[in-house]
Each structure stands twice: as structure tokens, then as C-alpha cells.
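Presented below is the structure to which this report refers.
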Amino acid sequence: MLIAVGDFVGVSKSTACRIVQNISKSIAKLYNKYIYMHQNSVNKFYQIAHFPRVLGAIDGTHIRIQSPTQCDIGTFGNRWLLGDSAYPNRAYLLTPVLNPSNSSEQKYNDAHIATRNLIERTFGVWKRRFPVIFLPLRLSLANVQAVIIATAVLHNICRKYNMQEMPSEVELPASLVTDPSVADTQSQALGLQDIVERNELINGYFSTL
Ligand SMILES: *[C@@H]1O[C@H](CO)[C@@H](O)[C@H](O)[C@H]1NC(C)=O
Ligand SMILES: *[C@@H]1O[C@H](CO)[C@@H](O)[C@H](O)[C@H]1NC(C)=O
């Protein structure tokens, strides 16, 4: 892409790279001015399908990037990574069989889960060591990434020197630290009280439409 763009305007690939980076950052710095919560679109939203009081619609999307790791070109030989079902199964990345239909598949799944569990336990140790990455991070988004990576570096230094796991300075619910799926369930459960708001809307407003 950079070579094509560079050829088009007659500059080298590295110059094109610098220009793309520079211009992109300059445009991105305008985000305060162009990306913000519009607070007066309630009527426009209402006109779509008579949904009242809508501030906005929210969603997330994945943006594909070129893989920054080397696994697909065989750098690590014929070895496998074990990932959960959120990952695609690849020649170098094995995921559980979704509906195991015989004992071979069941044994594969059992061994897979037991082995892969190591990464979950590692996350548990890491988060207990550094509650800052477990509790809601009260930092600017710009600093969050550095703090997360810094705690990972410190965690590996602790491992390198065989430092014992310290008792956490902050009381953390064990289940939440070790099992993110439990954390997800809990945050969903907390949201249940908000069901009341939705029920009132359904029964008090949509029932009258
Ligand atoms: C882009 O390049 C200009 C000119 O060299 C420089 O003044 C500016 O600081 C650069 N912007 C960014 C975001 O790097
Ligand atoms: C187990 O099931 C898989 C998928 O249906 C099949 O490919 C495999 O041959 C089966 N293995 C045995 C031992 O039945």
C-alpha cells in the first residue's frame, strides 16, 4: 500500500510511511471537534420508529489488521497454541470441538481445557498482583495501555526471580479474578435491576402505540 501511494506521488516508501503517519495523527487530533455525543438528536431518532429518549446507538466492530506475530509463517515450527472458542481454529491454533460426538473428541476437549487453563490462572495471578488492572482503571485512555503493559513486564520480572505471590493489598473476589466468564455473568446480573426501566417503557409506552 505504501509503495503504491509513494509511487503515485513520487516519494519513497519510507517517506510515504512518515507522511501517512504524520497526516493520520494530525487528523486524529481533531477528534474532540468531530467525534462527540450529539445531544439533540432525540427527535431524529424518534422519527425512525417512535422510540423515545434515544441519545444514540452503540456497538463495537472488529477491524482486521495484518497479524503482528509470526505463527502463520512457521516461525515456531510445528507447535500449537491452544485457544478458546472465541478464536478461529487454525493449523497452528487449536480450539475446542464445539459439540464433541465421541470419546476421542471428548478426550481432546478435556486435555485442551486442562492445558489451556494455565493462561486463565496466569491472568488470575497477574490481576491479584496488580489490582490496578482488575479494578476499573481510573486513568486517561492514553495512559491505560502503558500501565497494562508495565504490569505485564513487572509480572514477568517477578516470575523470573521466583518472587512469591503477595497477598493482595485490596480485597478481590477470587472468582472474579480467575474466571472472566464469571465476571461477565456478574456484571450482567448487576444490570438486571435496569430491566425495570425497560419493562416500564414496554408496558407504559409501547403497549399504547
Ligand atoms: C507532521 O510534520 C510536521 C512538519 O514536519 C510537524 O511540524 C508536525 O509536528 C508533524 N505532526 C505530527 C503529528 O507528527
Ligand atoms: C469422532 O467424530 C469425528 C467427527 O464426527 C470423526 O471424524 C471421528 O472419526 C470420530 N472418531 C471415532 C473414534 O469415532
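The values are calculated or read from the model by the stated rules, or taken from the named source; none is laboratory data. Treat the numbers as computed from the prediction; the structure is a model and nothing was measured. Heads up, the Cβs are rebuilt from the backbone with ideal geometry, glycines too, and the neighbour counts pull from every protein chain shown. When the accessible area is computed, the model is the full protein with side chains, heavy atoms only, and any ligands, DNA or RNA have been set aside. Shrake-Rupley method; radii C 1.70, N 1.55, O 1.52, S 1.80 Å.
Remarks
- Residue match in region 60-72 (condition: of a type outside the set (Ser, Thr, Tyr), open to solvent by less than 70 Å² (accessible area, probe 1.4 Å), in contact with a Phe, Trp or Tyr (Cβ under 7 Å, 6 or more places away or on another chain) and more than 22 Å from Arg198 (Cβ to Cβ)): yes
- Residue in region 140-153 that is open to solvent by 70 Å² or more (accessible area, probe 1.4 Å), out of contact with any helix residue (DSSP H, G or I) (no Cβ under 8 Å at 6 or more places or on another chain), modelled with pLDDT of 90 or more and of a type outside the set (Lys, Arg) present: yes
- Any hit, region 20-43, residues being away from ligand 1 (no atom under 15 Å from the Cβ), assigned to a loop (DSSP other than H, G, I, E, B) and at positive phi: no
- Long-range neighbours under 8 Å by Cβ, at least six apart or interchain, first residue farther than 20 Å from Gly6 by Cα within region 16-37, second open to solvent by 90 Å² or more (accessible area, probe 1.4 Å) and not in a helix (DSSP H, G or I): Met37/Leu55
- Looking across region 120-141, the residues that are in contact (Cβ under 8 Å) with a residue 24 or more places away in the chain, within 24 Å of Leu81 (Cβ to Cβ) and of a type outside the set (Lys, Arg) come down to Glu120, Phe123, Gly124, Val125, Trp126.
- Every residue from region 90-121 that is open to solvent by 80 Å² or more (accessible area, probe 1.4 Å) and either within 16 Å of ligand 1 (Cβ to nearest atom) or among the acidic types (Asp, Glu) (or both): Asp110
- Residue match in region 46-69 (condition: among the polar types (S, T, N, Q) and at pLDDT 95 or above): yes
- Residues that are out of contact with any helix residue (DSSP H, G or I) (no Cβ under 7 Å at 6 or more places or on another chain), among the hydrophobic types (A, V, I, L, M, F, W, C) and outside any helix (DSSP H, G or I), drawn from region 115-139: Leu135
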